[in-house]
Amino acid sequence: MITYLFLGVFLLLFVTAALAPLESLGWWAGWTREASAKEARPKAKPSVAAHRADEPDFYLIYLSGIGAISGDSFPEEEYPFLQGLKARLSTAKVITDVYPYSVTNNGLTGQRFFAGLWKRIEKMRWKNPNSMLALFVNLRNALQMFVSADRRYGPIYNLGIANEIYRVLLQHGYRPENGRPIVLLGWSGGGQIAIGAANYLADLPSPLYVISLGGMLSDDPGLEKLTHLWHLYGVADPLQALGAVLYAGRWPIFPHSPWNNAMAEGRIDIICLGHYRHNNERNYFDMKTSLPNDARGRTYGEKTLDAVVHILEDQKLIGGASEEEEQRQRSAAATMQEAPPSSSLQTAA
């Protein structure tokens, strides 16, 4: 009996993994992308001079981990962190409504065949975050993360996510001609998807930064186009460490891989936060447990928030742009006045 049970679980996992790329392939075939393609294009070209002052200093897009059910339904522990982030980044636009595990930004409880099942799991998870059924959400999303890192299907998947990020940016007031910086903050699986989407978002006339929070990162080609990547990790987090093991491009024996090239160019900073776990107590979002021997008496979550804010301050994204950044924005504005954007983000969708 136990043998049949294990065989059934193995077959279920195999079939689920085999079907994981189908959503992105269906989007690429044009079955689900017509509506989003229309929404992705701005209706008119706005005036640069008239609207530059109206925009925030930069845009921060939060990409949640594999526990997310939709663009507005995350594990409960993430909400205090996001509220703190919005309070600390008063001059930025913090965007949280991108679901990084669907190329069409369609949450599991959206227009899907099994939406009813996912809604039941969502209600159950709010009552008991450790419910066994909640693991199906993690499994489903983890497989999409691996699709993003796959060299065969990843380019399609990451293009779809990049289009959705661009569409949501436009909805929140982003104007390419102003060249405002874009920051992708990816937690866990969202870190990998952030560097994957960067391969296409880098076509925009804006500096593009990625902050990975415990992300399982591959040697994605998007690393070649990033302005900078910061990877924050905890020494008690074995999941984020798997990236350096599973993806050969991160091994030192491949010095010309996208990861090792970016490392050699100084565009990747790896920052240890301390004895952090991936989940449960003492994780990146834990706002209850105090850090041992912390002079400021912070919790684990507060230190994570401080680390993210410090990175943004160090880049002068908070408190005014640097001269180099202002020059880049002026150059972007001049370019956009001469011709409308022609990036793959507008045409491939």
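The values are calculated or read from the model by the stated rules, or taken from the named source; none is laboratory data. Since this is a predicted model, take the numbers as computed values, not measurements. All Cβ positions, even for glycine, are placed from backbone atoms using ideal geometry, and neighbour counts span all protein chains on display. Heavy atoms of the whole protein, side chains included, go into the accessibility calculation; ligands, DNA and RNA do not. Shrake-Rupley method; radii C 1.70, N 1.55, O 1.52, S 1.80 Å.
Counting every alpha-carbon pair across segment 154-250, the share separated by more than 19 Å comes to 39%.
Carbon and sulfur together cover what percent of the accessible area of segment 158-284 at a 1.4 Å probe radius? Carbon plus sulfur share of accessible area: 58 percent. Of the residues N280, F254, T227, the one whose Cα sits farthest towards the positive end of the charge dipole of segment 137-292 is N280 (charges of +1 on Lys and Arg Cβ, -1 on Asp and Glu Cβ, taken about the Cα centre).
Report the net charge of residues surrounding G222, where surrounding means a beta-carbon distance below 13 angstrom and charges are Lys +1, Arg +1, Asp -1, Glu -1.
Net charge around G222: -1.
Treating each Cα of segment 209-302 as one equal point scatterer and applying the Debye formula with no solvent, the log10 of I(q)/I(0) at q = 0.13, 0.18, 0.21, 0.23 Å⁻¹ comes out as -0.49, -0.81, -0.98, -1.09.
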